[in-house]
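Scroll down for the structure; my scribbles are underneath it.
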Amino acid sequence: MMMIGYFILAYLLGSLMSGFIIVRILGKKDIRVEGSGNVGARNAGRVHGKTSFVLTFLGDALKGALVIFAGRYLEFSPEILLVGLGFAILGHLKPITLKFKGGMGISTFIGGMLAFEPILAVVIIAGFILFFPFFKSFTFAGLGSFMLIPFAIYFLEGAIGISLMAGVLVLIILFVHRVDIMERLNKKA
């Protein structure tokens, strides 16, 4: 029963949309009808500047981190922590608070993964530095670096189950970005 409550709270926490709140407070605007209409950090920055971008990124990353920290406090297994993070990401993607129209999940994913295993910051940064010269795209280099996470977790934890669950989260992020990926691939073609 406690685990189900954890998953519900993770989803609800994920549904608190930092970009909507920050742009509403700082810019007196509804981010859903400005820029791309997305409530994530990139559009918050586009609509209201760097401060809104940074605050939105940090707010959304904090959601993922809090879910991991709460799960650790409750002494859940690493697998359950990652499922909880999945629910937080789902809340961010499909927030009940904004009629199920949310962001793209990257900030929440990053915050949760770094709380889960802080050394992943090195993996993500190194992967980005490695991939950027080949892709010449922040989006592709960032998404490419995420694909290294399951391998890094397997190397660090030695547990295939945890690695596979991290891989599922990466696949969800890639799936959410599929339109953006296809648009960028078509531009290169």
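The values are calculated or read from the model by the stated rules, or taken from the named source; none is laboratory data. The model shown is predicted, which means the values in this text are computed figures rather than measured ones. Positions of Cβ are backbone-derived with ideal geometry, glycine not excepted, and every protein chain shown enters the neighbour counts.
Annotations
- Flag for GLY102 being touching a His at 6+ places or on another chain (Cβ under 9 Å), crowded, with 16+ Cβ neighbours inside 10 Å, farther than 22 Å from SER77 by Cβ and not hydrophobic (A, V, I, L, M, F, W, C): yes
- Residue list for region 82-109, filter: more than 13 Å from ILE172 (Cα to Cα) and of a type in the set (S, T, N, Q): THR97, SER107
- Test: residue in region 100-118 that is hydrophobic (A, V, I, L, M, F, W, C) and more than 30 Å from ARG32 (Cα to Cα): yes
- Only helices (runs of 4 or more DSSP H) whose full extent lies in region 1-66 are considered here, and the ones with at least 3 residues that are surrounded by fewer than 19 Cβ atoms within 10 Å (Cβ to Cβ) and at pLDDT 90 or above are 2-14.
- Residue within region 76-97 that is over 14 Å from the mean Cα position of the chain (by Cα), in contact (Cβ under 8 Å) with a residue 12 or more places away in the chain, farther than 20 Å from LEU114 by Cα and surrounded by fewer than 21 Cβ atoms within 10 Å (Cβ to Cβ) present: yes
- Looking across region 123-152, the residues that are more than 17 Å from the chain's Cα centre (by Cα) and not in a loop (DSSP other than H, G, I, E, B) come down to ALA126, ILE129, LEU130, PHE131, PHE132, PRO133, PHE134, PHE135, PHE151, ALA152.
- Of residues in region 142-189 being among the polar types (S, T, N, Q) and touching a residue at least 12 places away in the same chain (Cβ under 8 Å), the one surrounded by the most Cβ atoms within 10 Å (Cβ to Cβ): SER145
- The single condition among (1) over 20 Å from VAL176 (Cβ atoms); (2) more than 18 Å from the chain's Cα centre (by Cα) that ILE31 does not meet is (1).
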